Amino acid sequence: VEPNEDHISALKREINEEFNVEIEVFGLQKKIEHQYVDFYLEMYCYDCSLITNNFVLNDHSQIMWFDPKNPIELNWLPADIAVVEYLRSNQV
């Protein structure tokens, strides 16, 4: 989040910068806090919908979609595991 920027504006900006898509943000679903060895993370997870879907991978090599009821097996980071577990249990 940049100075003088709220979380929703930051999310929209980051998604656009990284994937060249526009999103609509509805509401906060979950706040994740996790202490890694060398930094502390606060991650705000929002319910969103795509407005445009012309994905361009500007910062990533791959994008994947999965059903939260059956998440794919990946090497999830600890904070991401909390998000996947939340999605699985809440069927968002």
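The values are calculated or read from the model by the stated rules, or taken from the named source; none is laboratory data. Note that the structure is predicted; figures quoted are calculated from it, not measured. Virtual Cβ from ideal backbone geometry, glycine too; neighbours counted across all protein chains shown. Surface accessibility is based on the protein's heavy atoms, side chains included, excluding ligands, DNA and RNA. Shrake-Rupley method; radii C 1.70, N 1.55, O 1.52, S 1.80 Å.
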Checklist line | Within the chain, helix-based [θ] at 222 nm, where runs of 4 or more DSSP H residues each add -39,500 (n - 2.57), nearest 500 | finding: -9000 deg cm²/dmol
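Per the 1.4 Å probe, what fraction of the accessible area of the stretch 50-92, in percent, lies on carbon and sulfur atoms?
Values: 1790 of 3420 Å².
Here it works out to 52 percent.
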Margin query: If you take every residue apart from residue 1 with its C-beta less than 11 Å away from the C-beta of residue 1, what net charge results, scoring Lys and Arg +1 and Asp and Glu -1?
Written below: -4
Item checked: Rg over Rh [alpha-carbon atoms, Kirkwood Rh] for the chain -> 0.95
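Please give the peptides 61-67, 75-81 ranked by average Cβ packing (other Cβ atoms within 10 Å per residue), highest first, as a rough proxy for protection.
Per-residue mean Cβ counts within 10 Å order the peptides as 75-81, 61-67.
If you take every residue apart from residue 20 with its C-beta less than 15 Å away from the C-beta of residue 20, what net charge results, scoring Lys and Arg +1 and Asp and Glu -1?
Numbers: positive: 12, 13; negative: 14, 17, 18, 22, 59.
Once positives and negatives cancel, what remains is -3.
Below 13 angstrom from the Cβ of residue 56, what's the summed charge of the other residues (Lys, Arg +1; Asp, Glu -1)?
On the way: positive: none; negative: 17, 18, 22, 59.
Net local charge, residue 56 excluded: -4.
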Next item on the list: Please work out how much accessible surface residue 8 shows to a 1.4 Å probe, ignoring ligands, DNA and RNA, in Å² rounded to 10.
Entry: 60
Margin query: Ignoring GluC sites (Glu not before Pro) that are buried or in helix or strand per DSSP, and keeping those with at most 16 other beta carbon atoms within 10 Å, what is the longest stretch of the chain between them?
Written below: 23-72
Notebook entry, point to check: From the backbone phi of the stretch 27-34, what are the Karplus-calculated ³J(HN,Hα) couplings (6.51 cos²θ - 1.76 cosθ + 1.60, θ = phi - 60°) in whole Hz, Gly and Pro given as x?
Noted result: x, 5, 9, 7, 10, 10, 10, 8
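In the stretch 19-49, which chymotrypsin sites (Phe, Trp or Tyr not before Pro) are in a loop and have at most 10 other Cβ atoms within 10 Å, using DSSP for the loop call?
Numbers: sites: 19, 26, 36, 39, 40, 44, 46; in loops: 36, 39.
The qualifying sites are 36, 39.
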Next item on the list: Express the accessible area of the chain per residue in Å², computed with a 1.4 Å probe while the remaining protein chains stay in the model.
Entry: 74
